[in-house]
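J.: Dumping the structure here so I can ask a few things about it.
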C-alpha cells in the first residue's frame with residue numbers, strides 16, 4: 001500500500017510539473033525586425049559632385065631688367081641740347097678710309113652724303129672735320145694723311161651744297177685712336193674722318 005501511495009505521489013508530481021511547465025507563460029519569440037545591414041554599393045550610392053580644384057596659376061614670367069637704350073637725338077630735340085650732348089649722341093657719323101688712302105670709297109661717300117643732309121636741316125651748325133689715322137707709320141706721315149682725309153671730306157661736303165665757311169678741318173694723325181687695339185679690326189676704325197659740332 002505504501003508502495004502504491006508513493007507511486008501515486010510520483011505520478012502526481014510529474015503531472016503537476018508537466019502542468020506547471022505547460023501553463024507557464026511563454027516568452028514571445030524575439031525576431032529582429034531591423035533590416036540586415038547592407039554593404040554600400042559605392043557605384044550606385046549618391047555622392048556629392050566631386051570638387052575639381054582650379055588649375056594651377058602659372059606665376060608671371062620674371063621681368064627682365066633691360067639696359068636703357070642709348071639716347072639717340074632726334075631732329076626735334078637738338079635745339080635745347082648743349083654742344084657736348086649733341087656730339088656725345090651725334091646725328092653725324094664718321095666716314096672710314098682704306099689703308100694709306102684719303103679717297104672716299106662708296107660707303108664713305110654715303111656717310112658724308114647723309115651728314116650733308118643733316119647739316120642742311122640745321123643751317124646754323126658749324127663743324128670741324130677731324131682727320132685720323134691708324135697707329136702704323138710715323139707721326140709726321142699720319143698727321144699729313146689725317147689732314148688729307150679731313151680736306152677730302154670737306155671738299156665733298158662743299159660739292160653737296162654745304163657752305164665752306166661752316167666747315168673747318170684739323171688732323172690728329174694717330175694721336176687719338178677710336179679703337180685701342182693693335183690689329184686690322186682696330187686700325188680700320190681709326191682710319192676715319194670724325195665730325196664735331198662746334199657751333200649751333
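J.: Could you check, for segment 85-94, whether at least one of its residues is more than 41 Å from the chain's Cα centre (by Cα) and assigned to a loop (DSSP other than H, G, I, E, B)? Even if it seems obvious, please write down each step before you answer.
T.: Taking segment 85-94 and keeping what is more than 41 Å from the chain's Cα centre (by Cα), we get none.
Checking segment 85-94: not a single residue is more than 41 Å from the chain's Cα centre (by Cα) and assigned to a loop (DSSP other than H, G, I, E, B).
J.: Another one. Could you please find all residues in segment 175-200 being in contact with a helix residue (DSSP H, G or I) (Cβ under 7 Å, 6 or more places away or on another chain), surrounded by fewer than 18 Cβ atoms within 10 Å (Cβ to Cβ) and not in a strand (DSSP E or B)?
T.: Scanning segment 175-200 gives 178, 179, 180, 200.
J.: Continuing with this model, one more query. Go through segment 150-174 residue by residue and tally those that are more than 18 Å from residue 119 (Cβ to Cβ) and either touching a strand residue (DSSP E or B) at 6+ places or on another chain (Cβ under 6 Å) or surrounded by fewer than 20 Cβ atoms within 10 Å (Cβ to Cβ) (or both). Break it down into steps so the answer makes sense when it comes.
T.: Step one: of segment 150-174, the residues more than 18 Å from residue 119 (Cβ to Cβ) are 171-174.
Still in the list and also either touching a strand residue (DSSP E or B) at 6+ places or on another chain (Cβ under 6 Å) or surrounded by fewer than 20 Cβ atoms within 10 Å (Cβ to Cβ) (or both): 171-172.
Residues flagged as more than 18 Å from residue 119 (Cβ to Cβ) and either touching a strand residue (DSSP E or B) at 6+ places or on another chain (Cβ under 6 Å) or surrounded by fewer than 20 Cβ atoms within 10 Å (Cβ to Cβ) (or both) within segment 150-174 amount to 2.
J.: Where the second residue is crowded, with 17+ Cβ neighbours inside 10 Å and assigned to a loop (DSSP other than H, G, I, E, B) and the first is touching a residue at least 12 places away in the same chain (Cβ under 8 Å) and on the phi > 0 side of the Ramachandran plot and lies in segment 165-181, which pairs have Cβ atoms under 8 Å and are six or more apart or on separate chains?
T.: Matching pairs, first to second residue: 173/133.
J.: Is it fair to say residue 144 is surrounded by 13 or more Cβ atoms within 10 Å (Cβ to Cβ), touching a strand residue (DSSP E or B) at 6+ places or on another chain (Cβ under 9 Å), in a helix (DSSP H, G or I) and without any contact (Cβ under 8 Å) to a residue 40 or more places away in the chain? Even if it seems obvious, please write down each step before you answer.
T.: Working: surrounded by 13 or more Cβ atoms within 10 Å (Cβ to Cβ): yes; touching a strand residue (DSSP E or B) at 6+ places or on another chain (Cβ under 9 Å): yes; in a helix (DSSP H, G or I): yes; without any contact (Cβ under 8 Å) to a residue 40 or more places away in the chain: yes.
Here the answer is yes, as residue 144 does meet what is asked.
J.: Still on this structure, I have one more. So residue 136 passes all but one of these: (1) within 16 Å of residue 101 (Cβ to Cβ); (2) buried (at least 16 other Cβ atoms within 10 Å of the Cβ). Which condition number does it fail?
T.: (2)
Where a number appears in this text, it was derived from the coordinates with a stated rule and is not lab data. It should be emphasised that the depicted structure is a prediction, and the values quoted were computed from it without experimental measurement. All Cβ positions, glycine included, derive from the backbone under ideal geometry; neighbour counts span all protein chains shown.
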